[in-house]
Structure formats: C-alpha cells, structure tokens
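The values are calculated or read from the model by the stated rules, or taken from the named source; none is laboratory data. Nothing here was measured: the structure is a model prediction, and the numbers come from that model. So basically every Cβ, Gly included, is an ideal-geometry build from the backbone, and we count neighbours across all protein chains shown. When the accessible area is computed, the model is the full protein with side chains, heavy atoms only, and any ligands, DNA or RNA have been set aside. Shrake-Rupley method; radii C 1.70, N 1.55, O 1.52, S 1.80 Å.
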Amino acid sequence: MEKNERKKREKRKRLDEIIPDDSIRNEMLSRLYKGDPILGEKGVFTNLLQSFVNAALEGEMDNFLEEAKDDSTDNRRNGHTSKSLRSTAGPLSIQTPRDRAGDHEPIIVKKRERELSTGLDEIILSLYARGQSVEDVRFQLHQIYGLEVSTGAISAVTDRVWSEIIEWQQRPLATCYTIIYLDAIHYKVREDGKVISKAIYTVYSVTTDGQRDILGLYLSQSEGARQWGLILEDIKRRGVEDVLFFSVDGLTGFKDVIEQSFPCSALQRCIVHKIRNSTRYVSDKDIKAVCRDLRKIYTASDRDQALIALEAFGEQWNAKYKEIKPSWEADWDDLMAFMDYGENIRRMIYTTNPVEAVHRVMRKVTKTKGAWSNDKGLLKQLYLTLKYNEKSWKRTAFNWKVIQRELMEHYGERYTRYLT
C-alpha cells in the first residue's frame, strides 16, 4: 500500500523539462498533432536528434579546450566543418567545430565519418539477408528512413562480411560428428555474359552433443561425387577425424568417395528420395497404394521383415511397375543401414530432410531472384540468410537424450571419448 502511494506522489517529468526550448517543443507538438512522420526524412524527431548531435559536438570541443588550458597550451576554436550524416532517424546536417591547432578528434562523429552509429549497417545486412537486392535495399532505405544511400555504399557494407565468411568457411571443426547430411541446391549465376546453373554443396551436421550446425557451403559448377570427395577432404583438413553416420541422396559414386575419406562411417541412403524416384512414373490412381506398400518395407522391425515386405510388394506390383522392386534390391544395403539401430537413431538418419529444411530457408528468401551477378554475391546472400535465421536450423536434435543413450550403447568408447 505504502509503495503504491509513494509511486502516486512521484513527480512525473513535464514536457517543458524534457525539451526546455519553447520553439522546438511547440514545433514538435504541432507536427505530432498534424500526423507528420516521427522518423525519416523531415521526421518530427530528426531535427531534435540533429540539434542534440551538434550540441554534443560543441560540448566535446569545450571540454577539449578546457583541458588544453590546464596544459598551458594556446589553442582555441577555428570555425566549423559542415557535413551530412546518414542515420536511421533520417539525414542529419551537422556542424563539427574545429580548433586552431587541429588536434581535436571528435568522438560522437569521427573525422571522415558519414554515418551516425545508429545501426544502419545492421539494417542493410538484415534487408540483404532477407533476399533484397542492392537496389531493393537502396529503395527501402529511402522509403523508410528518407536516406539516399548509393548502391556502392550498400555493396561496401555487404562486402565487409566477406572476411567473416572466409573465416567461417575455414574455421576448425570438431574431431567427431554424430551425423553429417550432404545435399546440394542449385542457383543461377551470370558468368562471361551467360546465365548458368551452379551448385551450392551444403554440409549439415549434428555434433556429439546433439547440436545442429552447418560446417560449410561450397560452390561449384555442378553436383558430382568427385566434388563431394574434395569437400570431405576439406572437412578432414579442418579437423574432422570420425563421423558415425552419413545421410545422402542417390548420387552415383557417393558411397565410394565417403568410404575413401571415412571408411568406418555408416552410410544411409535417403528413404524419402528413394520413394520419390520409385513413384515418379506411377499412375495417380495407384500412388497411395504403392506408397502404402513401400512404407511396409522401411517401417519393418528388422532387415528380414523388410525383405519379406519387399517380396510381397513385388508380388503385388511387378506386373504393373516391374522396375521398382529391382531398384530397391540394387540399393538394398545402403537403404537398410538404419535397420541396425533403435527407433530414435533410425528417425535421425533415414532421410536427408534436415538439410533440405536448411535449403528451404535459403529458397524462401532467394526464390524471387532471377540470377546473381557473381559467385561472391550469391555466397554473401546465402551466408547472411542463414546467419539471420539461425533459430530455424541451429538447435538441439530432436529427442537427443534418448538418442545419446543408444549411441553410447552401440558405439561405446568410439562415441563417449568425444563427449564434452
């Protein structure tokens, strides 16, 4: 009760205490009542911020000259330098005071600086990460903040992230990973006056502690097993010594390059990809029934029961779709690798869907783009897209504690020695 009464007795600050200048205060109130924009070009508070910055610069000079007096230095004011600043409140016109000796270094707005540190760079990167082109970002900054920012200045901001990308791409990796999902996505890039398709190779992992992470994005002319082999050698160079599982699609030669780099790893061929390929030419009227019978194969309790379900599938559908059963038999060992483990590990490794979910995040912000002007622009935008959408892919693997117990039981010291 006493606390509430004390709050009531507290004096609230009046507007004339917050903005003592009558003319500024009355002008701002008048514009607010008229419904003028708060921020941006000619915004209600833009002039107030401009006055505040100029006053702060004058205060810096006063303090500098006062200290110079104490040092018995003969120095004094010598006019002002005018310049325009970009800010998220709108463009500001400032007057930076000069001293005769030229020793004063302003702090709030440094010499040759053209932007008030209000997070404009972060806004540019955020817009770019959401699929906006440089020209789109320029338009948005003008529309929202009333700022005229050149495409060159915007490109300069996005180019600053390039060193961060290189560092991220070359960072040391963990010694062991529980599973690595490998998949590629294709984009159009202009090269030598032509628009060509290029592949982005995505290496997506689950650490031994259950944390999902992207180990790298690699750009190449097309997707092929040879290029995947070079990528696997690169992650070995960066410190990876062991991987318990690889989950991959049906790319020819995948198994050979993985066995060459990580001979002890278990390889799981993606069941979802196999079903898609198996039902590509199945009639619409049969698709549900065929998928239902294929499901009996990969949801069986063990390999023997799965084989029985495959034979039953052949008896049912060989007459109409004779190519499906032989294709499963040809890839049987790679498709059924997950059958050697418990239910929770099976769910984690049987499909490349996790890395395809990462690709959906990338496509969501890039689907309206026709083609990128160069490889560097593509990689910058994809990296920033992933950085600003980490919550969607950088998280703990589902049901991890249970999976971890199964891994400890199945792999013993090979797994436990890497736990932190």
Give a quick list of GluC sites (Glu not before Pro) in the range 175-244 that DSSP marks as loop, anything other than H, G, I, E or B, with at most 14 other Cβ atoms within 10 Å. E241
Starting from the residue with the highest accessible area, list K380, K367, K188 in decreasing order, probe 1.4 Å. K367, K188, K380
Please report, as a whole percent, how much of the solvent-accessible surface of the range 270-390 comes from carbon and sulfur atoms (probe radius 1.4 Å). 47
Take the Cα pairs of the range 149-193, get the Kirkwood Rh, then feed it into Stokes-Einstein at 20 °C and 1.002 mPa s and tell me D in µm²/s. 147
Phi-derived 3J(HN,Hα) across the range 372-383 with the Karplus relation (6.51, -1.76, 1.60, θ = phi - 60°), rounded Hz, x for Gly and Pro, is 8, 5, 7, 4, 4, x, 5, 5, 4, 5, 5, 4
So, R0 is 25 Å and r is the distance between the beta-carbons of A156 and T81; what FRET efficiency does that work out to, to 0.05? 0.60
Extension gain from N353 to T175, taking 0.36 nm per residue of separation minus the Cα-Cα distance: 61.6 nm
State whether the chain is rounded, prolate or oblate according to the following rule on the C-alpha gyration tensor (a ≥ b ≥ c being the square roots of its eigenvalues): a/c under 1.5 gives rounded; otherwise a/b larger than b/c gives prolate, and the remaining case gives oblate. prolate
So, for the chain, what is the accessible surface per residue at a probe of 1.4 Å, expressed in square angstrom? 56
Surface accessible to a 1.4 Å probe, R76 within the full protein complex, Å²: 130
With +1 on the Cβ of every Lys and Arg and -1 on the Cβ of every Asp and Glu, the dipole magnitude of the range 234-353 about its Cα centre, in debye rounded to the nearest 20, is 540
Applying the Karplus parametrisation 6.51 cos²θ - 1.76 cosθ + 1.60 with θ = phi - 60° to the phi angles of the range 311-320, what ³J(HN,Hα) value in whole Hz is obtained for each residue in order, glycine and proline being reported as x? 5, 5, 4, x, 4, 6, 10, 4, 5, 9
Shape of the range 235-386, Cα gyration tensor, a/c cut at 1.5: oblate
Quote the charge dipole size of the chain about the Cα centre in Debye, to the nearest 20; the model charges only the Cβ of Lys and Arg (+1) and of Asp and Glu (-1). 1380
Only helical DSSP H runs with n ≥ 4 go in: add -39500 (n - 2.57) per run for the chain, normalise by residue count and round the 222 nm mean residue ellipticity to 500 deg cm²/dmol. -14500 deg cm²/dmol
Using θ = phi - 60° and the Karplus relation 6.51 cos²θ - 1.76 cosθ + 1.60, list the HN-Hα couplings for the range 158-164 in order, rounded to whole Hz, with x at every Gly or Pro. 5, 5, 5, 7, 5, 4, 5
What does the range 124-176 give for Rg and for Dmax, in Å, if only its C-alpha atoms count? 14.8, 51
What residues qualify as long-range amide H neighbours of W372, i.e. H under 5 Å apart, gap of 5 or more or another chain, H built at 1.01 Å from N? K188, V189, R190
